[in-house]
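The values are calculated or read from the model by the stated rules, or taken from the named source; none is laboratory data. Bear in mind the structure is a predicted one, so any value in this text is a computation, not a measurement. Reconstructed Cβ throughout: ideal geometry from the backbone, glycine too, with neighbour counts over all protein chains shown.
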Amino acid sequence: MIAIKSLLYCMYATLLCNFVHVGALDMHKKTETCTVNVNASCPAEERVYPKDFRSPLGIPLVLSGTFGELRNNHFHAGIDIKTNGTENYRIYAVKEGYVSRIKISPRGYGNALYITHPNGYTSVYAHLNELKGAIGDYVEQQQYARESFALDLYPPSGSLPVTKGQVVALSGNTGGSAGPHLHFEIRDSGTEEALNPLLFGFQVADTRRPLLNQMAMYELDDNGYYSTPIIYDVISGQNGMKKLKTPIINVGSPKVGFGVKAYDKQNAANNLNGAYSVEMIDNGTVVYAYRVERIAFDESRYINSHTDYAHKKRGNGWIQKCFRDPGNRLNIYDQVINDGIIDLSDGVIHKIFFNVRDVAGNTTTLSFNVKYDPSKPAKSSNLKNGVQFFSHRNSNTFENSEVKVDFPSNAFYTDFNFQYGKRASTSEYVYSNYHKIHDDKTPVHQKFEIAIRGDRVPERLRNKVLIAYKNSKGSRSSAGGEWRGNYLVGSSKYFGEYYITVDTKAPTITPVNISNGKNMSKSSTITFKIADNLAGIKSYNGYIDGKWVLMQYDQKTGKLRYRFDRRVGAGNHTIKVVVTDYRDNVKTYTAKFRR
């Protein structure tokens, strides 16, 4: 009987995969297959990718991060390869090609190298410590010519050719890296979409099933607004299948959405990495399925709709919602029927399956039953009262006598009631009321403009004020600000509290290994720590004996470092470091030293 039901479910799911229009997304057509089993899985067929790339490292590939992994405001666009907690492993070109881009930055990818290959793909190597050979010489020449550490270079096509296996760099910990590793990507050279490197045959030992720790259920009202999630812990069942402690969930709402908290692990590491695909099946029909095969960078912020943003902001971890918000235009979904919302109004028991899979094909399955019970009170939605209704499709503006906020169309993922509040300031350094712009647990997709009336700003401080942003945890940052008449105008992508304040403090420069008159003959570098209190560091420059020298800046540590080279010989020298913030407050440090 079970086998007959499985076959019927699979035949039904196959028909749906072949004939059901998958919804509002403009997705390319995929060939679909169906496995005959109790889950009636119907995944889309994967493309075939070339397998002739060599490894970018000479050590076994052990991952601390996978492609599509959930990160703040973005999906992880590559794989993070461990380098045994150290730097300076040799980085090899995975195939012949030419250097098409080099980006040097104190944040983000740090030192990053892009190599375009003749097969239509581009490999990317990030957080590098050093670029080698002609590539490194070219970068240094450009830095001195432009007198800038940070660069974004596009060398002439073919001017920096590389061969497969050529050492192009050394691994490091530059930019936003949280520890030594290699961030490695493969991109489509034509579309510049990031592709999952593990589909290209790189060998990573993985026989472990993904983890599926929790299931979240959301009750939806007639307008599609949903409640805060009800969390169910997942326990092990027979034959590796997962289940819930509750044999059947009775729900007071006829429409529900589900989500999962799921991770993946490879054999050689215990890092909680991202899963490759999640599939949800309702009584044999695949109603929701996605996989992280390729991601467009301009879609990556949709992660804030793909996941439960508020749940994460409360410190409760990542829940991947398996129903789609109306403003979610992410293009990773293979199948979405009725936006993934389960209609329980028929009153029958619905058998729900979740399949969570990794690239190696290891799969974890959760099954449970759910049923609509009209005698049970429905859980209220999270829609709150507000001062104005905001549509996710349209542009929206809120304005009063003190503040104006302009949101472009498609700035949100759902409709909602906009909330506003204000409170008076008692600080002598604050020149407006505090304006609470909605709730920072609601995500914003597009940058918006905020203008605050600045009548209280003294004339002498007009070029030193800015709009400060403060979130619910009290952390503060700058939203910039330029004057338009009596209004100071800034921009942001976050809801929270905004106000006008002043930054008249110069950045700080703290010498780490140098002092006036010190003998630096045994030192390979001169190192400082620099910081700014609010506006942010705009520029940093170093000069030795009046000539500009290359100072490498690491924003995460605040370290500014000059590495001694042929330009500074033996003898007495003077170093000057100048740091400027975005309100043109300037700090200068000068010292004499010997070599």
Conditions first: (1) outside the structural domain of Arg71 (by TED's automatic domain parsing); (2) charged (D, E, K, R); (3) without any contact (Cβ under 8 Å) to a residue 24 or more places away in the chain. Arg146 passes all but one, so which condition is the exception?
(1)
Kindly evaluate Val405 against the criterion of being assigned to a strand (DSSP E or B), buried (at least 16 other Cβ atoms within 10 Å of the Cβ) and not assigned by TED's automatic domain parsing to the domain that holds His74.
yes
Pull out all pairs, ordered by first then second residue, where Cβ-Cβ is under 9 Å, the residues are six or more apart or on different chains, the first lies in the range 314-341 and is under 12 Å from Met280 (Cβ atoms) and assigned by TED's automatic domain parsing to the domain that holds Glu219, and the second is of a type in the set (Val, Ile, Thr) and at pLDDT below 95.
Tyr333/Val22; Asp334/Val22; Gln335/Val20; Gln335/Val22; Val336/Val22; Ile337/Val20; Ile337/Val22
Pairs under 7 Å by beta carbon, first residue farther than 12 Å from Phe412 by Cα in the range 298-313, partner at pLDDT below 95 and of a type in the set (Phe, Trp, Tyr), six or more apart or different chains?
none
Given the structure, is Glu185 surrounded by 14 or more Cβ atoms within 10 Å (Cβ to Cβ), closer than 27 Å to Gly65 by Cα and in the same structural domain as Glu69 (by TED's automatic domain parsing)?
yes
Mind checking which residues of the range 464-504 are touching a Lys or Arg at 6+ places or on another chain (Cβ under 7 Å), surrounded by fewer than 19 Cβ atoms within 10 Å (Cβ to Cβ), over 15 Å from Glu402 (Cβ atoms) and not basic (Lys, Arg)?
Trp483, Ser491, Thr504
Would you mind finding the one in Leu220, Leu195, Leu153, Leu160 that is within 25 Å of Trp318 (Cα to Cα) and modelled with pLDDT of 95 or more?
Leu195
Could you give every pair whose Cβ atoms fall below 8 Å, whose first residue belongs to the range 521-534 and is of a type in the set (Phe, Trp, Tyr), and whose second residue is surrounded by 15 or more Cβ atoms within 10 Å (Cβ to Cβ) and not in a loop (DSSP other than H, G, I, E, B), counting only separations of at least 6 or pairs across chains?
Phe528/Ile509; Phe528/Pro511; Phe528/Lys559; Phe528/Leu560; Phe528/Arg561; Phe528/Val577; Phe528/Tyr589
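Restricted to the range 147-195, and to residues that are among the charged types (D, E, K, R), closer than 24 Å to Ile295 by Cβ and not in a strand (DSSP E or B), which residue is farthest from the chain's Cα centre (by Cα)? It would help to see each step written out before you state the result.
Keep residues of the range 147-195 that are among the charged types (D, E, K, R), which gives 147, 152, 164, 185, 187-188, 192-193.
Filter once more, keeping what is closer than 24 Å to Ile295 by Cβ: 152, 185, 187-188, 192-193.
Next, only the ones that are not in a strand (DSSP E or B) stay: 192-193.
On the way: Glu192: 17, Glu193: 15 Å.
Per the criteria, the residue is Glu192.
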Scan of the range 96-124 for residues that are surrounded by 19 or more Cβ atoms within 10 Å (Cβ to Cβ), touching a Pro at 6+ places or on another chain (Cβ under 8 Å) and either part of a loop (DSSP other than H, G, I, E, B) or aromatic (Phe, Trp, Tyr) (or both), ordered by number
Tyr121
Identify all residues within the range 379-390 that are surrounded by 17 or more Cβ atoms within 10 Å (Cβ to Cβ) and among the small types (Gly, Ala, Ser); write none if there are none.
Ser381
Condition first: modelled with pLDDT of 95 or more and not in a strand (DSSP E or B). Now tell me which residues in the range 572-595 satisfy that.
Tyr582, Arg583, Asp584, Asn585
Select from the range 223-245 the residues that are more than 27 Å from Asp325 (Cβ to Cβ), loosely packed, with under 15 Cβ neighbours inside 10 Å and not aliphatic (A, V, I, L, M) and write down the one among them that is modelled with the lowest pLDDT.
Gly240
Scan of the range 517-539 for residues that are within 13 Å of Arg595 (Cα to Cα), touching a strand residue (DSSP E or B) at 6+ places or on another chain (Cβ under 6 Å) and in a loop (DSSP other than H, G, I, E, B), ordered by number
Gly517, Met520
Looking only at the range 373-388, which residues are out of contact with any Gly (no Cβ under 6 Å at 6 or more places or on another chain) and either farther than 30 Å from Val444 by Cα or at pLDDT 95 or above (or both)?
Asp373, Pro374, Ser375, Gln388
Residues of the range 550-571 being within 18 Å of Ser521 (Cα to Cα) and in a strand (DSSP E or B), in sequence order, are Arg561, Tyr562, Arg563
